[in-house]
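Written below as structure tokens is the structure these notes are about.
The values are calculated or read from the model by the stated rules, or taken from the named source; none is laboratory data. Everything quoted here is computed from the prediction, not taken from an experiment. Note: ideal-geometry Cβ built from the backbone for every residue, glycine included; neighbour counts use all protein chains shown.
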């Protein structure tokens, strides 16, 4: 006789459990067991009961011996079929587990919130007011063809205007553009998802949408919010009524039923890279989702990443240009020596003096603190901690040096090379720069914005704002001048994408300037400086792709990092070679021993995009095999995972 069977996904990080398990549904639970609900199931191998999601219901002929569901935790169907399909596809592409993806999306259950949601009537469909739709049409008119592209579900990229909103205070023109696209999508009866790197970008989008869409149609998906608020927002995205979702990287998975547009702002920001396994970038998840579920996909930014430019080059993403090209007014200051303290050239110094008569001036520096780097005053050797060998820095003038790594104070420090007991500053952080500029501009307000001094906005009164890259406050009406210091030092970082990153840092800072305000880039020449001065970020991305292609560096190819015990790494590499016999020997770099852990090996596998499926399948199978070989840990604990895999490594140096 046939019997109902539930196919469930167990909520577990163990790779060997990343598949669907069949459980018999007891008669008492038949009515409650629906696709997408949370359940509790027995796990024989572990001898315990675990959480799971019901993915599907099937009929079974009864010939198999199956365990029964233990309980239905909740009647709420929190895992729609579309969300599971997306999690499965994204996890397979990254050689990871679907449960790891779902853990980022589905918040922990909040009983009171859930009961209130189940008892209430479903949200009614709402639409923006006619004035809001007209406003959206006017904003999008600056990009001919964008409205039609979004309506037809295309993949497009646009370069956002590098200025504050013409109407506004502390809203960037980019936020107005994305908000207009979302309003237009909602007006067409479909949902829009807007993904941004951090809370400041999120606040700008919320401000741009405020008053233009109904309150119940705007959903903020923010993992930093209290659990009840986040769960309430998640449940709203499950409703059939369309909405606009604004959030950070995990919002890319928001399970809205009718997705009309998915937009990614500033995809080059590392905050969009998921730090937890399987380490999927929001951009890659968005590409998978658009291919799977349809709807438009919009990339926007002040710069163009090589990843998106590669997609433009192969015709997968279409570029839509603005009707009137807008650029920042960038001035290259190659000179280094001038006042104060030989950090600001005379031309930039004079620009700052004039701009301070009208409003705030932004000064971007590389590092926070007072003196991030100290050297011996006699021989100029780097000052190192006697305990751990870490670099010393000074927290304040005349302060005792402190180790950056272990935090020890270097009382009685002596240089091991020349026996000198004195140190000198080799670099200036945000606080030291603020001191220098404060002396050069007396009676001027100086504001420091960095990791230790969080400043989100400044008014339009004259002030010198010294900020580290990425921490620049938004000025009301825009900065009257922007000075970019330490550019040459930023470019010296040993990273594949450092030029790309510097161009993004500088372009985003330049976009905070008021229209026509000067932007001085100090002490930098070369391709990155020329790209900023001509505002040709897409051209720089194309040149980077051309340079990386012969070297087989990402994103011209995909790169997977395989880390673990030597035998496990060798077995995994052998599996990859078997799965892809055409893989050339040069595609594998290593394995090499890690400096901080000699017992662990690491290898890089470089492969073409068309070879992604067999490579990731082989690597995932290797992870499962090694987890099973590891057995159970001491005391019957979790199985020891001797192999780690990360696919789509952005920089082989990481």
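Here are the numbers for this structure:
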quantity	calculated
Qualifying positions in segment 299-312 - more than 16 Å from the chain's Cα centre (by Cα) and over 17 Å from residue 552 (Cα atoms)	312
Residue 176 being within 30 Å of residue 359 (Cβ to Cβ) and crowded, with 19+ Cβ neighbours inside 10 Å	yes
Failed condition for residue 587, given (1) modelled with pLDDT of 95 or more; (2) under 27 Å from residue 494 (Cα atoms); (3) touching a strand residue (DSSP E or B) at 6+ places or on another chain (Cβ under 7 Å)	(1)
Every pair of residues 6+ apart whose Cβ atoms lie under 8 Å, when the first sits in segment 623-646 and is over 19 Å from residue 277 (Cα atoms) and not assigned by TED's automatic domain parsing to the domain that holds residue 43 while the second is surrounded by fewer than 16 Cβ atoms within 10 Å (Cβ to Cβ) and modelled with pLDDT under 55	632/638
Residue check for residue 62: assigned by TED's automatic domain parsing to the domain that holds residue 288, surrounded by fewer than 19 Cβ atoms within 10 Å (Cβ to Cβ) and either at pLDDT below 95 or in a helix (DSSP H, G or I) (or both)	no
Filter result for residue 288 (farther than 25 Å from residue 510 by Cα and within 20 Å of the chain's Cα centre (by Cα))	yes
Filter result for the condition that a residue is farther than 23 Å from residue 86 by Cβ, in contact with a helix residue (DSSP H, G or I) (Cβ under 9 Å, 6 or more places away or on another chain) and at pLDDT 95 or above, over 289, 318	318
Of the criteria (1) more than 21 Å from the chain's Cα centre (by Cα); (2) surrounded by fewer than 23 Cβ atoms within 10 Å (Cβ to Cβ); (3) in contact (Cβ under 8 Å) with a residue 24 or more places away in the chain, which one residue 242 fails	(2)
Filter pass, residue 595 being closer than 21 Å to residue 14 by Cβ and either touching a helix residue (DSSP H, G or I) at 6+ places or on another chain (Cβ under 9 Å) or modelled with pLDDT under 95 (or both)	no
Helices (runs of 4 or more DSSP H) within segment 271-359 that include 1 or more residues free of Cβ contacts under 8 Å to residues at least 40 places away in the same chain	282-293, 346-355
Candidate set: segment 325-352, residues that are in contact with a helix residue (DSSP H, G or I) (Cβ under 8 Å, 6 or more places away or on another chain) and modelled with pLDDT under 80; chosen: the one nearest to residue 440 (Cα to Cα)	340
Single residue of 548, 620, 593, 602 found to be part of a helix (DSSP H, G or I) and either surrounded by fewer than 19 Cβ atoms within 10 Å (Cβ to Cβ) or without any contact (Cβ under 8 Å) to a residue 24 or more places away in the chain (or both)	548
In segment 273-305, the residues that are over 17 Å from residue 263 (Cβ atoms) and crowded, with 24+ Cβ neighbours inside 10 Å	280
Options 410, 426: the member that is farther than 20 Å from residue 364 by Cα, in contact with a strand residue (DSSP E or B) (Cβ under 7 Å, 6 or more places away or on another chain) and either surrounded by fewer than 19 Cβ atoms within 10 Å (Cβ to Cβ) or modelled with pLDDT of 85 or more (or both)	410
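Table: residues versus (1) at negative phi; (2) buried (at least 22 other Cβ atoms within 10 Å of the Cβ); (3) in contact with a strand residue (DSSP E or B) (Cβ under 7 Å, 6 or more places away or on another chain).
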{"residue": "154", "(1), (2), (3)": "yes, no, yes"}
{"residue": "184", "(1), (2), (3)": "yes, yes, no"}
{"residue": "189", "(1), (2), (3)": "no, no, no"}
{"residue": "195", "(1), (2), (3)": "yes, yes, yes"}
{"residue": "201", "(1), (2), (3)": "yes, yes, yes"}
{"residue": "210", "(1), (2), (3)": "yes, no, no"}
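Here's the yes/no breakdown for (1) over 21 Å from residue 344 (Cβ atoms); (2) modelled with pLDDT under 95:
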| residue | (1), (2) |
| --- | --- |
| 446 | no, no |
| 467 | no, no |
| 471 | no, yes |
| 518 | no, no |
| 541 | yes, no |
| 559 | yes, no |
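Yes/no per residue for (1) in contact with a strand residue (DSSP E or B) (Cβ under 6 Å, 6 or more places away or on another chain); (2) surrounded by fewer than 18 Cβ atoms within 10 Å (Cβ to Cβ); (3) in the same structural domain as residue 487 (by TED's automatic domain parsing); (4) not in a helix (DSSP H, G or I):
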residue	(1), (2), (3), (4)
525	no, yes, yes, yes
532	yes, no, yes, no
539	no, yes, yes, no
543	no, yes, yes, no
563	yes, no, no, yes
570	no, yes, no, no
578	no, yes, no, no
582	no, yes, no, yes
